[in-house]
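Take a look at the structure set out below.
Values quoted throughout were computed directly from the atomic coordinates according to the rules given, and no laboratory measurement underlies them. Predicted model only: the values in this text are computed from it and were never measured. Cβ placement follows ideal geometry from the backbone for every residue including glycine, while neighbour counts extend to all protein chains displayed.
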């Protein structure tokens, strides 16, 4: 009885833990790094698990997912720095999911300002 | 009110705005409290449930049940008190997230199971006398359901961010 319990629990924990290893690979995103230029419709937010911003590219609104808040702030990108309506260029990996307009972003350019959010991925 | 409406309301509530204004480390700190709550909750439940399933029979059930249920209660309160602020930060991001729709019903079932187990004759008698085999089996069934529901809740909760 105890033996079955132990084995069963170990297996359950192993299963529950396995997908965690997928975290820092950007699975669900294209391998390819691409650029997009658009206008800011929702400014940088340094709240939540990742900093975010929304930009409009042609007629589509894209979710720009940045690094965790503290890391995004260290790259120099702060809330309120880029006004709504300004043009920005973002570089990153787009979602592979059809219809999902999301980019995991490694770099942001706003005029002459450059923000290297994930320098090691560039 | 639909779930999407409720989520939009929570995100735009005073709570959501406050948590978003707390600085770049706030989410990490609240997340830490959530994890500590889950550790207390599930760690305590695991010990009690394994005892109900036949482990450590040399330890009287009443000796274990008192501290484990108290710690589990504290853990649950911590998890809820940190979970709602975490959800309020960007609530609408979670619309359509299937893991959320597994997690909350699993918590509801887990709490229902707690309530049902605590109502049994076996649970109410366990501090006064030794239990009959049939009563032990009843509590063991509750322990299996407990582990199933809580592990489902924790696993789907962990997966929310990976969707």
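Side notes on the structure shown:
- Any hit, the range B:60-81, residues being at the interface with chain A (Cβ under 10 Å from one of its Cβ atoms), in contact (Cβ under 8 Å) with a residue 60 or more places away in the chain and more than 13 Å from the chain's Cα centre (by Cα): no
- Residue within the range B:96-106 that is in contact with a helix residue (DSSP H, G or I) (Cβ under 7 Å, 6 or more places away or on another chain) and closer than 26 Å to residue B:58 by Cα present: no
- Which listed residue is at negative phi and without any contact (Cβ under 8 Å) to a residue 24 or more places away in the chain, from A:86, A:113, A:59: A:59
- The residues of the range B:110-150 that are within 12 Å of the chain's Cα centre (by Cα) and without any contact (Cβ under 8 Å) to a residue 24 or more places away in the chain, listed by number, are B:111, B:112, B:148.
- Scope the range B:24-37; condition at the interface with another protein chain (Cβ under 9 Å from one of its Cβ atoms) and surrounded by 15 or more Cβ atoms within 10 Å (Cβ to Cβ); matching residues: B:24, B:26, B:27, B:31
- The set of residues from the range B:112-154 being over 20 Å from residue B:53 (Cβ atoms) and either surrounded by 14 or more Cβ atoms within 10 Å (Cβ to Cβ) or touching a helix residue (DSSP H, G or I) at 6+ places or on another chain (Cβ under 6 Å) (or both) is empty.
- Selection count, the range B:6-23, where residues are within 14 Å of residue B:94 (Cα to Cα), in contact with a helix residue (DSSP H, G or I) (Cβ under 7 Å, 6 or more places away or on another chain) and away from chain A (no Cβ under 13 Å): 3
- Residue list for the range B:38-49, filter: crowded, with 19+ Cβ neighbours inside 10 Å and more than 13 Å from chain A (Cβ to nearest Cβ): B:40, B:41, B:44, B:48
- Within the range A:89-110, tally of residues that are assigned to a loop (DSSP other than H, G, I, E, B) and either under 13 Å from the mean Cα position of the chain (by Cα) or free of Cβ contacts under 8 Å to residues at least 60 places away in the same chain (or both): 4
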